[in-house]
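Undergrad: Right, I'll just put the structure down here and ask away after.
The values are calculated or read from the model by the stated rules, or taken from the named source; none is laboratory data. These numbers come from a predicted model, not from an experiment. We place every Cβ from the backbone using ideal geometry, glycine too, and count neighbours over all the protein chains shown. Ligands, DNA and RNA are stripped out before the accessible areas are found, and what is left, the full protein with its side chains, is counted by its heavy atoms. Shrake-Rupley method; radii C 1.70, N 1.55, O 1.52, S 1.80 Å.
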Amino acid sequence: MAQLRMVWKDKEPAPVKLKEGCYVIDRTTDKFTKEQLADGWIDACIELTGGTPWTREHFYEKMWDDPKIPEDGIFFAVTPEGRIFSTATVQLEPGHIGNLHMVGSSSDVRGLGGGRAVC
């Protein structure tokens, strides 16, 4: 499958509208533990991974510790209640090229604007 490329038609992207009270964090946050971020990512990406749940260890190996993913390169959208419901990751390639990678949202809370916000 070809890598997703995003191109803006206008000079400025449209503003992102998250449902009131929702917010976006990256993995450097101190609001969640590493384990909570892993569990939230796994939940948000379950459909993306073909219904096969990742373990925390798999997430750490393939995402957290990937040298192509910068420390602040995994993003999470969070509900006002503190549930992670969307995620997206940036992978950096040589030549300062960034790829949008592993974009997922929990199906039961779609429509809150999280997927777009994390991208």
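Undergrad: Would you mind calculating the gained length between D26 and Y60 on full extension (0.36 nm times residue separation, minus the Cα-Cα distance), in nm to one decimal?
TA: 10.7 nm
Undergrad: For the chain, with all protein chains present and a 1.4 Å probe, just round the carbon and sulfur fraction of the accessible area to a whole percent.
TA: 52 percent
Undergrad: Hey, can you find the accessible area per residue of the chain for me, probe 1.4 Å, expressed in square angstrom?
TA: 64 Å²
Undergrad: Which value, in debye to the nearest 20, gives the size of the charge dipole of the chain about its Cα centre, when Lys and Arg are +1 and Asp and Glu are -1 at the Cβ?
TA: Computed about the Cα centre, the dipole is about 460 debye.
Undergrad: Helix-only mean residue ellipticity at 222 nm, the chain, DSSP H runs n ≥ 4 weighted -39,500 (n - 2.57), per residue, nearest 500. What is it?
TA: About -4000 deg cm²/dmol.
Undergrad: Quick one, which of [x] 1.03; [y] 1.07; [z] 0.95 is the actual Rg/Rh (Cα atoms, Kirkwood Rh) calculated for this model?
TA: Checked against the structure: label [z].
Undergrad: May I pose another question? Please list, or write none, the aspartates and glutamates whose alpha carbon is within less than 20 Å of the alpha carbon of K34, excluding same-chain residues fewer than 8 places away.
TA: Leaving aside aspartates and glutamates fewer than 8 places away in the same chain, those within reach of K34 are D26, D43, E57, E61, D65, D66, E71, D72, E81.
Undergrad: Same structure, new question: Only Cα pairs under 8 Å and at least 6 apart count here; give the relative contact order of the chain as a rounded whole percent.
TA: Relative contact order of the chain: 31 percent.
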